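The values are calculated or read from the model by the stated rules, or taken from the named source; none is laboratory data. Just so you know, these numbers come straight off a predicted model, no measurement behind them. Virtual Cβ from ideal backbone geometry, glycine too; neighbours counted across all protein chains shown.
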Amino acid sequence: SEDFSPDQKRYLEGFVSGVQAIRGSRGVAGFGGVVPFQGQPATNAPQAEPVPAGPDAIHLEAMARFEKDGKKLSPQEKAKRDEHPFDAYARFKGLAKEDKFAKQLDDFRIRFHGLFYVGPTQDSYMCRLRIHNGILKAWQFRGVADLSEQYAGGYTHVTTRANLQAREISAANGIPYIEGLVDMGLTSKGSGADNIRNITGTPTAGIDPQELVDTRPYAKEWHHHILNDRTLYGLPRKFNVAFDGAGTIAALEDTNDIGFQAIQVKDGAGVEPGVWWRLALGGITGHKDFARDTGVVVPLDQAIKVADAIIRVYIRSGNRTDRTKSRLKYVLDDWGFEKFLQAVEAEMGVKLVRLSGDHVAPRPESGRMTHVGVHPQKQDGLNWVGVGLTLGLMSCEQMRKLADISERYGDGDIRLTVWQNLLISGVKTEDVATVEQAIADIGLTTKVSNVRAGLVACTGNKGCKFSAADTKGFADKIGTHIDEIGLTIDTAINIHVTGCHNSCAQHYIGDIGLIGARVPVEDDDTVDGFNLHVGGGFGPDASIGRELIQNVKGEDCPAIVEKMLRGYLARREGDETFA
Ligand code: SF4
């Protein structure tokens, strides 16, 4: 243009060629950016097909393969390709400054940062953290309380992945909330959308008298491994990984895509005897499948390498069209274990070790009531104290007091469990009574009935648009009813209440499982209700519950559950379990 001076022109030409060079090398947009530069090529030489490079290349290649096969990518896949959610952070900050929520595909993208727009149920964000092995320091726990009071609804929930969620976060407060977490050494990165979710482990890791291995270092290493490799975000779908150290509180690793189970390999197995991981794959109980034993055992220090290779094979092979079929289970169903394991071996460049179950010692069983009440640790004179929460709920004030108790009487750790409660560890035996009283003084308890101890519920229709019913509300009514009528169950009973087929509360593995349903009543109206399942289990009792009754009104559920429990107590023979 004649409007520019020669110096300005030189500067602009240099700027434009710099942009061209950057675009030519790594594209301009989306998942690693393969959108080729549209301007005039520098020479008349034929332009090569742009080759994806960098951490997103593996995803782009998988997407391209799908499209080449004539399949349509799902809108979420296109959203990731058009603009990588991490590259949208500045835009999300801009939205927050304008007091606007990220909605539609941006709601999908902002979930990579741990924020979920939960309208129309609540016109606000929910934030889900990630806490490796579910264990955080009391000062972090107090910090989350302070943040949740300042920027969220003044309470949090413990989730079924031993994690914390805060709700009622305004559009303007979403970014300050997640940045506040980072300031405390916590993060919410990758806790939603198509990412590897919170890494669970044995809640009593390091203090459990029966554990084979302390899961904390493995959960921590995997947590930081995935956080720091962009390739490991934006999978075909969400992905769960758990480490079970064979402690007394179940980590439910068999409900995960990858379950590492600590096992004792006997002498004479042809491999080093001692503690190894047994590899189970493909758990997704909402689709009626547990993680299945692959027959592979993994040296403890190789777990991260194996998990990394599994994820990369899954990235290449997972379904990018139909999100109902995109979980790891479906790759395994399609390929079979052997083909999948061979692909993992090719990825790693080493053979995996196969070992027959005959060479493995029986695993110590989990106790189903050890997440509540007082239990001796393997360290002499110390105990963990399991605190009962009503379906995971805690006020910020209660959280601060729990942090105080942990620091004053415990070891300063707060341990969350998949049973939606928490443990205070390292309590001296002489302080146990004081601690129990301090917990009672803040409206919580360590003395929980068997029904309450095994009662878990997802968010439900108070905060999740997918839910057909108020899961937490009706679950609480069931627990209250059984307590109020004084019905004592002398065995563990799990009641899992979930709002929809996503099955966040895993209704298929409960002794009694409820899944939300809109129950028809007069005048073409519907009310909150449930379909009831029975006979689910986990671990050695793994079993998918079967449907027993459909369309029970929520208000009728407490009485029906009472009848089921009374029927069990009246008819059981010997030590026959509910299942
Ligand atoms: Fe929402 Fe369904 Fe998950 Fe419950 S199970 S929290 S209703 S998605």
| strands (runs of 3 or more DSSP E) wholly inside the stretch 124-231 containing at least 3 residues that are within 30 Å of R312 (Cα to Cα) | 125-128
| note | All-but-one check, I424 against (1) within 12 Å of I495 (Cβ to Cβ); (2) within 26 Å of the chain's Cα centre (by Cα), failing number (1)
| Just one of the numbered conditions (1) under 20 Å from T156 (Cα atoms); (2) over 27 Å from the mean Cα position of the chain (by Cα); (3) outside any loop (DSSP other than H, G, I, E, B) is not true of G443; which one? | (3)
| message | I'm checking my understanding of the structure. Among residues of the stretch 487-542 that are of a type in the set (G, A, S) and closer than 20 Å to G473 by Cα, which one is nearest to the ligand (Cβ to nearest atom)? | response | G499
| request: Those residues that are outside any strand (DSSP E or B) and either crowded, with 16+ Cβ neighbours inside 10 Å or in contact with a strand residue (DSSP E or B) (Cβ under 7 Å, 6 or more places away or on another chain) (or both), I need them from the stretch 267-289; list them, please. | output: A269, V271, P273, G282, G283, T285, G286, H287
| Members of the stretch 469-479 that are within 16 Å of the ligand (Cβ to nearest atom) and in a helix (DSSP H, G or I) | T471, K472, G473, F474, A475, D476
| remark: Here the residues within the stretch 307-362 that are of a type in the set (K, R) and surrounded by 20 or more Cβ atoms within 10 Å (Cβ to Cβ) are R320, R327, K329
| query | Quick one: which of V451, V435, V497 is touching a Phe, Trp or Tyr at 6+ places or on another chain (Cβ under 6 Å) and on the phi < 0 side of the Ramachandran plot? | reply | V435
| query | Hey, does the stretch 290-306 have a residue that's closer than 30 Å to I515 by Cβ, surrounded by fewer than 18 Cβ atoms within 10 Å (Cβ to Cβ) and not acidic (D, E)? | reply | yes
| Are any of the residues in the stretch 514-528 under 28 Å from K325 (Cβ atoms) and assigned to a loop (DSSP other than H, G, I, E, B)? | no
| query | If E338 passes every condition in (1) at pLDDT 95 or above; (2) assigned to a loop (DSSP other than H, G, I, E, B) but one, which one does it miss? | reply | (2)
| Between residues in the stretch 352-375 that are touching a residue at least 60 places away in the same chain (Cβ under 8 Å) and within 24 Å of V265 (Cβ to Cβ) and residues that are in a strand (DSSP E or B) and of a type in the set (D, E, K, R), which pairs lie under 9 Å by C-beta distance while being six or more apart or on different chains? | L355/R278; G357/R278; G357/D293; V360/R278; R363/D244; R363/R278; S366/D244
| remark: Pairing a residue in the stretch 493-522 that is within 14 Å of E547 (Cα to Cα) and without any contact (Cβ under 8 Å) to a residue 60 or more places away in the chain with any residue that is within 11 Å of the ligand (Cβ to nearest atom) and among the charged types (D, E, K, R), where Cβ atoms lie under 9 Å and the two sit 6 or more apart in sequence or on different chains, gives V497/K472; G516/D470
| query | Within the stretch 420-468, restricting attention to residues that are among the acidic types (D, E) and crowded, with 18+ Cβ neighbours inside 10 Å, which residue is nearest to the ligand (Cβ to nearest atom)? | reply | E436
